[in-house]
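Before any comments, here is the structure.
The values are calculated or read from the model by the stated rules, or taken from the named source; none is laboratory data. Remember, it's a predicted structure, so these values are computed and weren't measured experimentally. Backbone-built Cβ (ideal geometry, glycine too); neighbour counts: all protein chains shown.
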Amino acid sequence: MFYDHAMLESHTVTFTDQFGIDRRMVVRLDETTLVPRFEQLRGQISVMVAVGRLEPGMRLPTVRSLAYQLHMAPGTVARAYRELESDGVIVGRGRAGTFVVDEPPHSEPLEERRNRIRDAAARFVAEMRQLDQGTEAAVAAVEQAFVES
């Protein structure tokens, strides 16, 4: 599906996982679509889990924090989380927080994900070598790409 980026509002959500590691995820909301915001959020989190962007066992942002950062009502985020829990993607553990389940449905096997990462890195290195660029330039390019995405 084609999206006009002018219609999408991109939000970088920051949170700290259960290990104290600062994390971020990008959520894009389309204000012009008839798809409810809770469903847009549910779908994007589900995809992030499926592709390994949100890892098994990872603690997610609280409903209140996510709602604040996305400029949504807490009830909207809570509904997305309920739907994800019903789908078997996340699990609420009371005051401990909400976590990605240990074995999410529809997720790529860990080994396949590692292979895809390795293959992507190999393609990138080959391209950088063709451009006669070294490690320092490659790392800088990757860091910049993450900042801009």
Practice item. Test each condition in (1) surrounded by 12 or more Cβ atoms within 10 Å (Cβ to Cβ); (2) farther than 18 Å from residue 13 by Cα; (3) in the same structural domain as residue 13 (by TED's automatic domain parsing) for residue 65 and report the one that comes out false. Key: (2)
Revision key, fill the gap. Residue 108 vs (1) modelled with pLDDT of 90 or more; (2) more than 21 Å from residue 18 (Cβ to Cβ); (3) charged (D, E, K, R); (4) in contact with a helix residue (DSSP H, G or I) (Cβ under 8 Å, 6 or more places away or on another chain): all pass except (1)
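Taking residue 91 as the residue in question, decide whether it is without any contact (Cβ under 8 Å) to a residue 12 or more places away in the chain and assigned by TED's automatic domain parsing to the domain that holds residue 42. I'd like the intermediate steps shown before the answer.
On the way: without any contact (Cβ under 8 Å) to a residue 12 or more places away in the chain: yes; assigned by TED's automatic domain parsing to the domain that holds residue 42: yes.
When the stated conditions are applied, residue 91 passes them.
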Review point. From the list 25, 7, 48, 1, which residue is out of contact with any Cys (no Cβ under 7 Å at 6 or more places or on another chain), at pLDDT below 90 and closer than 30 Å to residue 114 by Cβ?
Key: 1
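Residue under question is residue 73, and the condition is that it be surrounded by 10 or more Cβ atoms within 10 Å (Cβ to Cβ), out of contact with any Phe, Trp or Tyr (no Cβ under 7 Å at 6 or more places or on another chain), closer than 23 Å to residue 21 by Cα and modelled with pLDDT of 90 or more; does it hold?
no
Matching residues to (1) out of contact with any Ser or Thr (no Cβ under 8 Å at 6 or more places or on another chain); (2) among the β-branched types (Val, Ile, Thr); (3) within 21 Å of residue 146 (Cβ to Cβ):
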{"site": "27", "(1), (2), (3)": "no, yes, yes"}
{"site": "32", "(1), (2), (3)": "yes, yes, no"}
{"site": "46", "(1), (2), (3)": "yes, no, no"}
{"site": "49", "(1), (2), (3)": "no, yes, yes"}
{"site": "64", "(1), (2), (3)": "yes, no, no"}
{"site": "67", "(1), (2), (3)": "no, no, no"}
{"site": "72", "(1), (2), (3)": "yes, no, no"}
Exercise for review: Output yes when any residue across the stretch 129-140 is surrounded by fewer than 17 Cβ atoms within 10 Å (Cβ to Cβ), at pLDDT below 95, assigned to a loop (DSSP other than H, G, I, E, B) and assigned by TED's automatic domain parsing to the domain that holds residue 24, and no when none is.
Suggested key: no
